[in-house]
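Participant: Mind looking over this structure? Questions follow.
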Amino acid sequence: MTNLDTHFTSRVASNERFYFMLRPILLVVGFVLLLSSVFAQITVSGTITSEDQQPLIGATVLVKGTTTGAVTDLDGKFTVQVPDQNALLVIGYTGFAEQEIVVGSQTQLNIVLKVDIQRLNELVVVGYGSQKKRDVTGSVTNISEKDFIKGNIATPEQLINGKIAGVQITSNGGAPGAGSRIRVRGGSSLNANNDPLIVIDGVPLDNSGVSGAANPLSFINPNDIENFTILKDASAAAIYGSRASNGVILITTKKGKAGDKMRINFSSVLSSSTKSGAIDVLSADEFRAIVNERGTAAQKALLGTANTNWQDQIYQTAFSHDNNLSLTGSLKDLPYRASIGFMDQNGILKTSNMNRLSGSIGINPSFFDKHLKVDVNLKGTSINNRFANQGAIGSAVVFDPTQPIRSGSDALGGYFEFLDPATKNPNTLAPRNPLALLNQRNDESTVGRIIGNVVLDYKFHFLPELRANLNVGLDRSNSQGDINVPQGVAQFFDRGGQVATYTQNKNNKTFEFYLNYVREFGANRIDLMGGYSYQDFIRESTDLDKNLSGEVFNDIFFKSQNTLVSFYTRLNYALKERYLLTFTLRRDGSSRFSPDTRWGTFPSAAFAWKINEEGFMQGNNLFSNLKLRLGYGVTGQQDVGSDYPYLSRYTPSEPTAQYQFGNDFFATLRPEGYDANIKWEQTETLNAGIDWAIRSGRVSGAIDVYSRKTKDLLSVIPVPAGSNLTNQILTNVGNIENSGVEFTLNTRLIEKEKLSWDFGFNVTFNQNEVTNLTKVPNPNYQGVQVGGISGGVGNTVQIHTVGFPTFAYFLNQQVYNEDGKPVEGLYADLNGDGLVNLDDRYRYKQADPRLYLGINSQVSYEDFSLSFVLRANFDNYVYNNVLSNNATFRGLTGTNNFLLNLSPNVLQTGFTNNQYFSDYYVENGSFLRLDNLTLGYNLKGLLGGTSNTQISLIGQNLFTITKYSGLDPEVAGGIDNNIYPRPRILSFGLNVSF
Amino acid sequence: MKKQFFKNSIKLGVLAFFVALSSCTKDLDRTPFVEVTSATVYKDFSNYKQILAKVYAGLAVSGQQGPAGRPDISGIDEGFSTYLRQYWKAQQLPTDEAVIGWNDGSLPDYHDMDWTSGNEFITAMYNRIFYQITLCNEFIRETTDAKLSERGISGENLTQAKIFRAEARFLRALSYYHALDMYGSVPFVTEADAVGSFLPRQASRTELFSYVESELKAIETELLDARTNEYGRADKGAAWALLAKLYLNAETYIGTAKYTECITYCNKVTAASYALESDYNKLFLTDNNKSTEMIFPITFDGTRTKTWGGMTFLVHAGVGGNMNPADFGINGGWSGLRTTKALVEKFSDITGATDRRAMFHTNGQKLDISDIFTFNDGYAITKYRNVSSTGVKGTDTEGNFPDTDFPLFRLADVYLMYAEATLRSGQGGNQATALQFVNALRQRAYKGTSGNVTSINLDFILDERARELYWEAHRRTDLIRFKKFTGSTYLWPWKGGVKDGRSVPDHLVVFPIPASDLVANPNLDQNAGY
């Protein structure tokens, strides 16, 4: 919790004029008191227990207004020094309602804390401040460390996968540190960025990738994170207006607390990853049989005598470890946390590795009687990657299993390769030996990133209701990558190997300042905030590609910058702590747009009604919380990739795209297509939700219904030929809509002295539809074809069409014979014109799931706990590109002097040629996956004192139930084409704190 | 002490705040680091030639990075998107001269002759044409006499700028010619139409014909004399050759014969200092830039003009089976292009021993095509290579990108146009010269007079054009002019996607206006029959 006592601000005496006059006197008195306190102190001790008389270990006891405090021991006992009998003790324990007790004449206190399962007093970070959870009006989900997924987790987003309704996280495969596609309530745009904004301790990150890193989020050590807050609806997110259209994820890292003793935490996870399956292909003997049966003499002659399972060859059992050490505490008045982590993760694809050294330091002292709070965060990370050549994955699927790994000669590094019969050089059309692809390419990178900020939060001495907050942050990364392929090996054979170097420097700055005024009068409370934000993003990169003799193939320099300036205000108004209103207004300027269009205004309004606080509900014993939330808001989007889309500009060509005049070559200057009027895309969101909790505290939940409509969609559309210097342009045209329902339920099914069982699930139903795509309405417009596949060149299988979901499949309808077997090349003549061609393609299903859910359970019995997370998607359809590309006899009938292995599926279809546009290859990818199973054991006090030791056994990706015929139905974008397989991981975890 | 610190911090904070605030909105005027804004690019005369180079390069490469990256047009694979590759496919694949064994998107529609307005290849060709036209318009608009004088361009620079402008007008006329030849009636934009959001009007084929004619005639005096410009740049000879081609096909385009005008411009070309290359095969090798026969090339280079389209496509796609890629100066074939029996049978001896233009690879190949997707079905053609006339491999170490240039207009084509226009009763030429021109080509092909003919007729000319100019992107236009492209008067293997060929409807003589442009521009009407 960043600002534990922020919400106390309102309780401070409100008569500011009186205070102002008395200030000098009070200062003197305060000083005297401070001095005297050294001499006159009272010792208070006591026990803190829960309602079931269990001692609470590690509960905090804080003397209010000071940094003095204590932490309870194993028996729940504490001793604390207080200045006098008026001292107020604040007792806190995670998961329990906070209590304040006046010391009075007592010296022995027995305090019983009440369970606060819903933790309604919990503060949530809401963007430029925090709010009590129960006062939140928007759709905001908070998830903290105890609910994080455990195991071999290299990147932060995987901590919460499946835990939150409306948030879909799809990892891009199983490579070490691989990124994920995160979608909050579906994507709001077609061509602009669809990633949520991520803010770490107040520093908004830019959404673009970092060169040399698989995932820009992998720089954040998941062990440093205390909680995530997801702002889902516009009324919550609109305060981040310009970048909030896809939701906002606020990450808060762990911090020290004033008065805490130093606590050391060490955690270690050792993991072993294995592949969870293989793509079905013919064995060497089966393949030989088929070639001998169907092949020509020339093809039979190509058969080898080996039996090689290429997929077994390229994968390995990979070991990883992740060790973290942190110190948290308070050095006198200086709360601090420092951590260091080292992770070394090997991938199941041979040669892939990532290691990360990360360190973080945070201090958050207060000055001037807590009027000035300072929060300094610095996170530094250095990542070394070795990227495996993922071409090996596809190559292993198709490589002839009758060929050996090694050729027996020294040529080509000793690996077997298909050769051109005439030149005896590697055949340029054939796949490469999968192991040679891995072992003969060294693709390494080193990336350093620093994210840091300083927050000064000052509560005015003369006007304590007013607070000024200054946040200055930076986010810098430096990447350096090297790719080396030696000479004389099959990859890059003709160009003589590869020596490529790339670099990238990113320098992003954030400057934010706001004033916050909070005041209560009578039954009213207002909380007014107004601020200014400046963000600047610069990225610079180089790319040099040579061969081993130094010949340069590419030498590219790139530099680009964009800037955002915003003014924002928020008003929270509460009447009788029952009716809550929030208004926000943000005005954003983006350097990406012209002076005429660069400013956008983004308002929002929300209303919440705490029904359970109403008089008529006072008699009810059912609900401890019942809150209705209604919200409306507009958010903007300007992240379109290019930084200068409105400017008329000329781009120089690289030396590889010159033109010859006479005997000289001239680099060219290209006038770029542009849209001088390009402007903000706007998404309007309506949200209605109910938060509820049953009084027993054992069942709680929320339901939200939302509708998001995007207008002035930033989409790439064809320009009228001749009207611009391009054929397609990014412009504001079209509309899409997302609508959905989210349902969350958390229950404590069993609550006994030694046994408890928490069970929860969340369900999200989301559907989207394109409602317009053209400037001039045209019912005949087919739409924008997307979804490029592997196989052939430039083939696409998806489309955005008005009236259909985005990424709908656009294919010909397969005709089947009486035996249910697809007939090659025979498709339904859907438009009935007697011809079967492009015009007969139809829109069929879509890539994104209509329904997805997460289920979590945790059973604790004494010191044992067992938890699992199940995740399911429904109605997500997958185009099986692995089959459409490999399951034909073409690999045999081809005459290119090599053979390709086949999928057994070809025996069912009998296809000779690739039928890329057959809907036969679209399959239902619904699945249920056991993402995580954790068995934990708590060895309390193993190391004495207040130490705490936990050990755990963790399994990840243990099973997937699906009808999908391919390897893994969870494919971002819906086109399954040899992704890096997600491994099955078994881990042993140790966590010690003392 | 603390108080002082506190006061100072407040002061500092306030100061920082105001400094930041005042500079903030100004910071929104960001300008590019690497690119040049159009406001400044024309101030420096040295940029002019680079902008002109882009207009030429638009015929060859796919964008600003070779062989791929930062493409000019999108919506199609970048390698597919190049001008020459698309033009070649549109002119060759629906004819008797070529088949391609690839299953890429709707590429097979070219053989099947059932293309629709959604065909991405027909769309890409159209987009390339209009990309060239808007590039030309931009350059012409920025180099008017008024703008040149406003920017203080004078003296030799001014003379050069005017020549550049005339060349841009030639390139625009060339693309409009391709548009009227392939699409008939298309949107019409000139330098008077500034870049922006507007809907161009559609011009009729007749109007386009007149426009191309008037433009070429207007720049005839402004362009440099034939063979006096730098290699690769257009001169008067290029404009004449294009005018001759326009007039030769006038009957197809506007229903009025213009054979006399065709002969007029053929005469201008033949009177200039062009000369036939001594050996036919040298026209298609890496040193063809030295050929005196070249009237207008599209240039390529293994290291400096790299693309997956253009000559890279033409050299690689025709190599497969047991052909040795090393003989072609490349690292491997793409197993795509072959020819049909109809072309092979136009040669009495296919070995190349008598008529050296018969450049077939027959070993391992079958004459008859039973499966278009099988490279061994149909003879391969060995015309284009990435080796020099002395057998030296091209400069690309990788063996991907040829140095060979594409002869868009060459003297032999003009000889045959002259002969055909004369046979079609054009005035200003004579039968004897026509026969002499035809025999000049045959003497080169036969290395002597053994192949000479004593009389010629139109059918002979069509076949002779196939023998001389096959795979040089003339065939579709030629078959249409001879009324053999559609209908059943001439069937070749796989015409219309049927092994023995079939009759196809007449509306196919022009391609459809792409559906994407019909949607974007409601001013447009689709061609009849689509």
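Participant: What aspartates and glutamates sit close enough to residue B:447 to cross-link, taking a C-alpha to C-alpha distance under 14 Å and skipping anything fewer than 8 places away on the same chain?
Facilitator: Hits, sequence-local ones excluded: B:277, B:279, B:355.
Participant: Follow-up. Which of the peptides A:69-79, A:133-143, A:586-596 is most tightly packed, and how do the rest follow, going by the mean number of other Cβ atoms within 10 Å of each residue?
Facilitator: Those peptides, ordered most packed to least, come out A:133-143, A:586-596, A:69-79.
Participant: Under the rule a/c < 1.5 gives rounded, and otherwise a/b versus b/c splits prolate from oblate, where does region A:473-542 land using the Cα gyration tensor?
Facilitator: Judged from the Cα gyration tensor, region A:473-542 comes out prolate (a/c at least 1.5, a/b above b/c).
Participant: With an 8 Å Cα cut-off and a minimum separation of 6 or more residues, compute the relative contact order for region A:901-994 in percent.
Facilitator: 30
Participant: If you average the C-alpha positions of region A:145-218 and of region A:619-659 separately, how far apart do those two centres end up, in angstrom?
Facilitator: Result: 16 Å between the Cα centres.
Participant: Now, a different point. Within the set A:379/A:627; A:775/B:483; A:163/A:752; A:261/A:370; A:424/B:383; A:576/A:711, which residue pairs have Cα atoms separated by over 29 Å?
Facilitator: Check vs 29 Å cut-off fails for A:379/A:627; A:775/B:483; A:576/A:711.
Participant: Let me ask something else about it. Output the relative contact order of region B:239-328, whole-number percent, from Cα pairs under 8 angstrom with separation of 6+ residues.
Facilitator: This gives 17 percent for region B:239-328.
Participant: A further question on this structure: Please work out the ratio of the alpha-carbon Rg of region A:618-746 to 2.2 N^0.38 Å and round it to two decimals.
Facilitator: Normalised by 2.2 N^0.38 Å, the Cα Rg of region A:618-746 equals 1.87.
Participant: What ranking, highest mean first, results for peptides B:424-437, A:710-723 when packing means the other Cβ atoms within 10 Å averaged over each residue?
Facilitator: A:710-723, B:424-437
Participant: Taking only complete DSSP H runs, can you tell me which helices of chain A stretch 27 Å or more along their own long axis by Cα positions and average at least -1.0 on the Kyte-Doolittle scale?
Facilitator: Helices meeting the criterion: A:16-39.
Participant: Something else about it: What is the pair-distance distribution P(r) of region A:857-906, computed from all Cα-Cα distances in 5 Å bins starting at 0, with each bin given as a whole percent?
Facilitator: Histogramming region A:857-906 at 5 Å steps yields 5, 14, 13, 10, 8, 7, 7, 7, 8, 7, 6, 4, 3, 1 percent.
Participant: Next up: Fewest to most neighbouring Cβ within 10 Å: what's the order for A:836, A:859?
Facilitator: Taking fewest neighbouring Cβ atoms as first place, the list is A:859, A:836.
Participant: Further question on the same structure: Can you give the % of DSSP beta bridges in chain A that are antiparallel, to the nearest 5?
Facilitator: 95
Participant: Let me ask you something else. For region B:406-530, what class follows from the C-alpha gyration tensor (a ≥ b ≥ c being the square roots of its eigenvalues): rounded when a/c is under 1.5, otherwise prolate if a/b is larger than b/c, else oblate?
Facilitator: prolate
Participant: Once the other residues with Cβ under 9 Å from the Cβ of residue B:243 are scored (Lys, Arg +1; Asp, Glu -1), what is the net sum?
Facilitator: Result for the local shell: 0.
Participant: Also, I was wondering about something else. Measure nothing but the geometry: give the 0 to 90° angle between the long axis through the Cα atoms of B:2-24 and the longest principal axis through the Cα atoms of chain B, rounded to 10°.
Facilitator: 40
Participant: Checking the table A:610/A:709; A:709/A:845; A:373/A:509; B:162/B:236; A:257/A:940 against a 25 Å threshold on Cα-Cα, which pairs fail?
Facilitator: Violating the 25 Å Cα-Cα cut-off are A:610/A:709.
Participant: Answer rounded, prolate or oblate for chain B, using the Cα gyration tensor with square roots of eigenvalues a ≥ b ≥ c: rounded when a/c is under 1.5, else prolate when a/b is larger than b/c, else oblate.
Facilitator: prolate
Participant: Need one value for B:40-51: mean number of C-beta atoms belonging to other chains within 10 Å of its residues' C-beta atoms.
Facilitator: Other-chain Cβ atoms within 10 Å of each residue's Cβ, averaged: 3.
Participant: In terms of the ratio Rg/(2.2 N^0.38 Å) built on C-alpha atoms, what value belongs to chain A?
Facilitator: Against the compact-globule rule of thumb, the ratio is 1.03.
Participant: Here's something else I'd like to know. Among the lysines, which have Cα under 20 Å from the Cα of residue B:499 when same-chain residues fewer than 8 positions away are ignored?
Facilitator: B:89, B:341, B:346, B:366, B:484
Participant: Follow-up question, since we're still on this one. In sequence order, what are the phi-derived ³J(HN,Hα) couplings for region A:602-612 according to the Karplus relation 6.51 cos²θ - 1.76 cosθ + 1.60 with θ = phi - 60°, rounded to whole Hz, with x for glycine and proline?
Facilitator: 10, x, 7, 9, 8, 9, 10, 10, 7, 4, 5
Participant: Shielding by partners for B:237-244, please: the mean number of other protein chain Cβ atoms within 10 Å of each residue's Cβ.
Facilitator: Partner Cβ neighbours, averaged per residue: 0.
Participant: For chain B, find the longest principal axis of its Cα atoms and tell me its angle to the long axis of helix B:205-219, 0 to 90°, nearest 10.
Facilitator: 80
Participant: Taking each residue in B:128-141, count the Cβ atoms of any other chain within 10 Å of its Cβ, then average. What number comes out?
Facilitator: 3
Participant: A further question follows. Explain nothing, just the number: relative contact order of region B:94-174, from Cα pairs under 8 Å at least 6 residues apart, as a whole percent.
Facilitator: 26
Participant: Moving on. Distance between the C-alpha centers of region A:896-946 and region A:328-389? Whole Å please.
Facilitator: A separation of 34 Å, based on Cα centres.
Participant: Right, next: In whole angstrom, note down how far apart the Cα centers of region A:663-703 and region A:862-880 are.
Facilitator: 27
Participant: Summing +1 for each Lys or Arg and -1 for each Asp or Glu, what net charge is found among the other residues whose Cβ lies under 14 Å from the Cβ of residue A:71?
Facilitator: +1
Participant: Follow-up question, since we're still on this one. For residue A:275, give me every one of the aspartates and glutamates with a C-alpha distance below 16 angstrom, ignoring sequence neighbours fewer than eight places off in its own chain.
Facilitator: Counting by Cα, and skipping residues close in sequence, residue A:275 has these aspartates and glutamates nearby: A:312, A:931, A:968, A:970.
Participant: Still on this structure, I have one more. Along its principal axes, what span do the Cα atoms of region B:69-121 show, with the longest given first and each in whole Å?
Facilitator: Sorted largest first, the three principal extents are 35, 21, 18 Å.
Read the figures in this text as sums done on the coordinates, not as results from a lab. From a predicted model like this one, the values you see are computed outputs, not experimental measurements. A quick note on method: Cβ atoms are made from the backbone with ideal geometry, for glycine too, and the neighbour counts reach across all protein chains shown.
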